[in-house]
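Q: Below is the structure I would like to discuss, written out as structure tokens.
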Amino acid sequence: MTPGFLVLESRRLAAALLAAGAMWWLTQDWRLALATLAVVLALLWGWQLAKVYRWFANPEQLPPISDAGLGGILRDVYVLRSRDTLGTKVPARSQPYLKDSLASMRDAALIINSDGRLVWCNDAAEYLLGIKFEEEEGKPLSEVVPGKSLKRYMRDENFQKPLRFKPSPDPEFCLQFEFSRFGVNDRLVFVKDVSEQDKLERMRRDFVGNVSHELRTPLTVIKGYIETLQSLVAETNPTLTKSLGSMDTQVGRMERLIEDLLWLSRIESVEGERKDDQIDMVRLLSDVGESLRAAWPERDIEVEIESAQQILGSASELRSALSNLIVNALKYSDGLVTVKWSETVVGPALAVEDEGEGIDAKHIPRLTERFYRVDKSRSQATGGTGLGLAIVKHVAVSHEAKLFIDSEPGKGSTFRLVFPRDRVALEANLSGAPVAQ
Ligand code: ADP
């Protein structure tokens, strides 16, 4: 105990000594007096500690103890905390200048502190969000603009991509939030009304989806007629048989194209939604490997499992991305295709490797564009739709994964989907036992 502490706690000590003295006076037993001293001190400090614990659970309140000693420490904690949480008390140097510049802007701008609490907003933000700054000051932004996706976005602190979400029951009203850091740990948030843009994108998606859907029925009818004609003229008219064969191939291509377009528009329409099913990747890799081995019996597909990590995502989307990558590896190479599930420093990775023709570096940045093909004739010959990698890219985006493409002409290619660590649903070792996180 330091002398300072003794002085500060003198009142409590004096009370305990008084009680001990009274006990000694009554009983003349120094052991009982000592015990009384200990019990009274323990009770007094225990009572203080209980108050402190209660305050920690709700630190927005003023510290419960105001006297010297512990009270002094709690006050310091409180001041430090409010500096952090309210931010308004000690504004960052850059704030006044920023506020002046942003106040007259037509775009909605807000400043939040490191705790995500509203420190300031301009008139445009008040208008767009339908709030009054005086009423909302100091509140968490996720309370000012309620919505699960904003809460999650702020918690994840990954502000590279702006967040779009619909804050109200009105399905047409869509806002876009862009966060950037400034000052010590404050954040500047720009909010835009992107309802019109969102509507146009939805119309485009729906249009592609609807057209593709409408084309399905006539194609099925045409396919049926081709099959009937093929059976009628078989062996009697070789020229017609050849023509019908090529018609059948083209109809098959159109069907694949429609399926891919429909799938793409479906994935796009749920891109912003969180996919949270727990996916057993080991099982998924084995299943997809198995079914593609059955479809390409003459080819070698090796599945290497180096991790047992399960991830949160959508099974159908991940299956489709993986199938597209393996089918590409089979189409654009003749040798072994290796599918690997492993751990990297950044997170779990799904890789598909082939020893095929490879891709020239200049094409790589454009590969995930719709209908982009390195070699159109080769792609058509293999029955490609030009949409496979666009689908993979969309699946990657909706799982916050990154698609890496390593390729060297003549040597082969590796397509790797690396998932963020917070998508890992279950850490497990290869024997299946869960590992403490
Ligand atoms: P496609 O249906 O034409 O295969 P994708 O979108 O799947 O369309 O692929 C786009 C282009 O990328 C392909 O046309 C092909 O030129 C190239 N490509 C994709 N995967 C590979 C691969 N494993 N090896 C070499 N080239 C590839």
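Computed from the coordinates by the stated procedures, all read-outs in this text should not be read as laboratory data. These figures come from a predicted structure and were not determined experimentally. Here the Cβ positions follow ideal geometry from the backbone for every residue, glycine too, while neighbour counts run over all protein chains shown.
Q: Between Phe56, Phe177, Phe159, find the one with the highest GNM mean-square fluctuation for the chain; connect C-alpha pairs within less than 10 Å.
A: In the Gaussian network model the winner is Phe56.
Q: Report Rg(Cα)/(2.2 N^0.38 Å) for the chain, keeping two decimals.
A: Numbers: Rg = 33.3 Å, N = 437, 2.2 N^0.38 = 22.2 Å.
So the chain has a normalised radius of gyration of 1.50.
Q: Now for a different question. For segment 252-309, which trypsin sites (Lys or Arg not before Pro) pass both filters: DSSP loop (anything but H, G, I, E, B) and at most 11 other C-beta atoms within 10 Å? Display every interim value, and only then the final one.
A: Working: sites: Arg253, Arg256, Arg266, Arg274, Lys275, Arg283, Arg293, Arg299; in loops: Arg274, Lys275, Arg299.
Sparse-neighbourhood loop trypsin sites (Lys or Arg not before Pro): none present.
Q: Would you please put 335-343, 194-202 in order of how densely packed they are, using the mean number of other Cβ atoms within 10 angstrom per residue and starting with the highest? Numbers along the way, then the final one.
A: Values: 335-343: 18.2, 194-202: 14.2.
Ranked by mean Cβ neighbours within 10 Å, highest first: 335-343, 194-202.
Q: I'd like the projected area of segment 197-253, averaged over all directions, using the convex hull of its alpha carbons. Report it in nm² with one decimal.
A: Across all orientations, segment 197-253 yields a mean hull projection of 4.2 nm².
Q: Return the calculated 222 nm mean residue ellipticity for the chain, to the nearest 500 deg cm²/dmol, obtained by summing -39500 (n - 2.57) across DSSP H runs with n ≥ 4 and dividing by the residue count.
A: Counting only the DSSP helices, I get -16500 deg cm²/dmol.
Q: Please compute the Kirkwood hydrodynamic radius of segment 277-436 from all pairs of different C-alpha atoms, in Å with one decimal.
A: Value: 16.0 Å, from the Cα pair sum.
Q: Specify the residue with the greatest mean-square fluctuation among Ser246, Ser286, Ser168, computed from a Gaussian network of the chain linking alpha-carbon atoms under 10 Å apart.
A: In the Gaussian network model the winner is Ser246.
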